[in-house]
Every structure is written in C-alpha cells, then in structure tokens.
Amino acid sequence: MWRGKAIDRRGFLKAAGISFTASLSPRSLMALERADAVYAAGFRESDGSFGIATISERGEIIDRASLPARAHGLAHSSATGRTVAFARRPGTFAMVFDLSRQTEPVVITSPEGRHFYGHGHFSPNGALLYASENDFDGNRGMIGVYDARDKFRRIGEFDAHGIGTHDMTVSDDGTLLVIANGGIETHPDFGRTKLNLDHMEPSLVLLDAGTGALVQRHGLPPALRQLSTRHLDIGADGRIWFACQWEGPRNALPPLAGWFSEGEDLSFVSLPEETTIRLGNYVGAIAVNRREGIVGMTSPVIGAAVTLDAGTGAVLKEELVRDAAGVAPAASGIAVSSYDGQFNETRSKVAWDQHIVRLA
C-alpha cells in the first residue's frame, strides 16, 4: 500500500542510487525532486524508434533508455529496483533495467517455439520473474519462470490452462499466480491476426506459484465467450480485478470489468450503459489505488478514463482523455497516459505505450 509521496520519492531515490541522480540533467533532477510519484512507461519517438522512460507524476520525462522494438507491459520489483519491459506480441525479447545503473541492461530472449505476450510480474522478494508466453504451435498459454538472481536464466515454465495468455500478476504473499487468458488464438506466422473469434475460450486462472498446480479456473459463460479477459490488478483486500475487451457484435453492451477472490465465483461490474459506450467495449488497462480504494480503467477507442469504487464497483468519475493508454495509482487518484503524448498534466513529443507502472 502506498504510504505517502515523501516515502515514495525517497524509496525511489534510495533504489536508484547516487550514480543515477548524478547522471541527470538539472531539469530532470528538478522534475524528480518535486515528483509526488515516479513511473516507467514504454514510448515511441517521432522517428519511429522505441524506448522506456522514467516519468514524474506531472508527466515530465526524467530519464530514458532505448529498446530494440516496441514494448507493451512492464514489471517492477520494489525489492531490487529492477524494471522489465516486455515486447509487444509476438515479440521475443524482454529487457531488464537496473535503476542504480550499477549493472548493464539484461536482454531476455524467449525460447524457441515461444513468444512473449507482453506482461509479467516479479515475486515479492524480486528473486523470480514470471512472464506470460505463447506456445504457438501447441496453441496454449504458458508462464515462463526466470531466475533474477542468475542473469534471468529460464528455470522452468507452468501451463497457464488457457490460450491467449495475456496479463498476469502475483499475490502479495507470493503464493499465487493470477492469469488472464484472453482466449484468442494467434500464431506469429499470421502476425497479430486473431484466428478463433468464433470460438474463443477466455478464462481467469489461479496457479500455485511454487509448483504451477492449478488452484482455480473460471471460464466465462457461453453468452460471453467473445469477451477477452485481458488485464489484472489486485486490491489491498486481495480482491482480483479484471478488465475485458469485447470481440463480438459492436451493438452489444457486455460487462467490461469484474472481480473475484480465491475460492469465489466471478462478479461483473454493472456499468451504466453510457459508460460502456464511452469505453467502446474495450478496456485497455486497469489499476487499483489501494490507499484510496479506487480502480482506474482506460480505453483509447473514444478516449476515456473511468474511476470506480473498489468496494462497490460504482462509477465515481469519468473523463474524456483522447487516445487514453496507461493507468496506474497516483499519490492522489489515478495517473493516466495517452498514445498522443499526454501523461497527466504534461504533453511530451513521444507516443506513450499502452501500460505504465509505478516505481516504489
């Protein structure tokens, strides 16, 4: 749980170290010193190159590094200060950055017959990195397990018990892996084409983080088989929030978010019709602000950022945000980025990618 902006900033500075701050320009250092919170996000430059940036809550770019190709999701370990940018599907790289700059970036390459699905998460102690992957010839989702203490050597994999495995996270105590299987079949031979929209198999899965054993699996009802379960976050009470993208008829108004806990069935949020329309049947990112008990969701379709009450699912706030992309907890409320360069109150000459992560 976030404990206030001063501790958040000090924690980041402690993790980054003197060498990081000494390398910053006066402008970047000033942005960092007045930052309430610090984030990381992938971006595309105007010349078409890609990178990852450290950003203040105001949206000022503090630091940046190059990436070999477009990134998608990110993972951050508060225990080690490492941040990972995962390639966009069907990319085969993930790049690990050390905030202290005491070690060079590490490039992880997916094994033969696999590609990354754009997401992953560290174990609470930072010792392991879990990554969502696609066994594309076997048409099954997998979770790759990497040893962060040994140059991110791949030490195993778990069956995700679904296809189109996308976002995944880890419970606070490190015992459970939480997986969103989007249910969409893809193969790199066909690029990003969705191959099974008429017979999708979305599901939400819990695995034992130590053994990979299946703990719980929720398939969606037949009426919602075209509702791709895509993104996840966990609240302070252990409630797992999930966000969805509809692949069915455009005039339908399916539920786009919900929650569940271990041992419980799925519960869908009953959004007002106008909110569902504003989201364009597509939630691109979701994040929980634990301190304030709220949930943020974004959609680039029409351009919307929606805030829910984490206890009831009631809509608290709706904002028009053109090309809305990433969302993450802020010192107060929700931080939102956009594909056209907006990050909270600042517009930069980059295109922010779909996800942002708060560094703490």
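The values are calculated or read from the model by the stated rules, or taken from the named source; none is laboratory data. Bear in mind that the values here come from a model prediction, so they are computed numbers and not experimental data. Ideal geometry is used to build each Cβ from the backbone, glycine not excepted, and the neighbour counts take in all protein chains shown. When the accessible area is computed, the model is the full protein with side chains, heavy atoms only, and any ligands, DNA or RNA have been set aside. Shrake-Rupley method; radii C 1.70, N 1.55, O 1.52, S 1.80 Å.
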Across (1) at pLDDT below 95; (2) of a type in the set (Ser, Thr, Tyr); (3) crowded, with 21+ Cβ neighbours inside 10 Å; (4) more than 18 Å from residue 331 (Cβ to Cβ), residue 54 clears everything bar (4)
Any residue in region 269-288 that's closer than 16 Å to residue 309 by Cβ and in contact (Cβ under 8 Å) with a residue 12 or more places away in the chain: show its pairings with residues that are open to solvent by less than 30 Å² (accessible area, probe 1.4 Å) and assigned to a loop (DSSP other than H, G, I, E, B) at Cβ separation under 9 Å, as long as the two are six or more apart or on different chains.
269/256; 269/313; 270/313; 271/256; 271/313; 275/256; 288/235; 288/310
Which numbered condition trips up residue 144, out of (1) open to solvent by 10 Å² or more (accessible area, probe 1.4 Å); (2) farther than 26 Å from residue 246 by Cβ; (3) not acidic (Asp, Glu)?
(1)
Residues of region 243-272 being closer than 22 Å to residue 327 by Cα and open to solvent by 70 Å² or more (accessible area, probe 1.4 Å), which ones?
270
Out of region 92-110, which residues are modelled with pLDDT under 95 and not in a strand (DSSP E or B)?
99, 100, 101, 102, 103, 104, 105
Hits in region 178-199 (condition: among the β-branched types (Val, Ile, Thr) and without any contact (Cβ under 8 Å) to a residue 40 or more places away in the chain)
193
Can you pull out the residues in region 289-304 that are free of Cβ contacts under 8 Å to residues at least 60 places away in the same chain, open to solvent by 10 Å² or more (accessible area, probe 1.4 Å) and not acidic (Asp, Glu)?
293, 294, 300, 301, 302
Region 57-90, subset within 19 Å of residue 337 (Cβ to Cβ) and among the basic types (Lys, Arg), residue most open to solvent (accessible area, probe 1.4 Å)
64
Going through region 210-246 in order, the residues found to be within 19 Å of the chain's Cα centre (by Cα) and outside any strand (DSSP E or B) are 235, 236, 238, 239
Per the filter on region 97-127, residues among the β-branched types (Val, Ile, Thr) and either touching a Cys at 6+ places or on another chain (Cβ under 7 Å) or surrounded by fewer than 22 Cβ atoms within 10 Å (Cβ to Cβ) (or both) are 103, 106, 107, 109
Leading residue by the ranking (farthest from residue 81 (Cα to Cα)) among those in region 138-149 that are free of Cβ contacts under 8 Å to residues at least 40 places away in the same chain and in a loop (DSSP other than H, G, I, E, B)
138
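Residue by residue, here is whether (1) touching a Ser or Thr at 6+ places or on another chain (Cβ under 8 Å); (2) at pLDDT 95 or above; (3) on the phi > 0 side of the Ramachandran plot; (4) surrounded by fewer than 18 Cβ atoms within 10 Å (Cβ to Cβ) holds:
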{"position": "274", "(1), (2), (3), (4)": "no, yes, no, yes"}
{"position": "336", "(1), (2), (3), (4)": "yes, yes, no, no"}
{"position": "345", "(1), (2), (3), (4)": "no, no, no, yes"}
{"position": "352", "(1), (2), (3), (4)": "yes, yes, no, no"}
By residue number, the members of region 266-319 that are in contact with a Gly (Cβ under 6 Å, 6 or more places away or on another chain) and either part of a strand (DSSP E or B) or within 15 Å of residue 242 (Cβ to Cβ) (or both) are 266, 267, 268, 269, 285, 287, 288, 298, 299, 307, 310
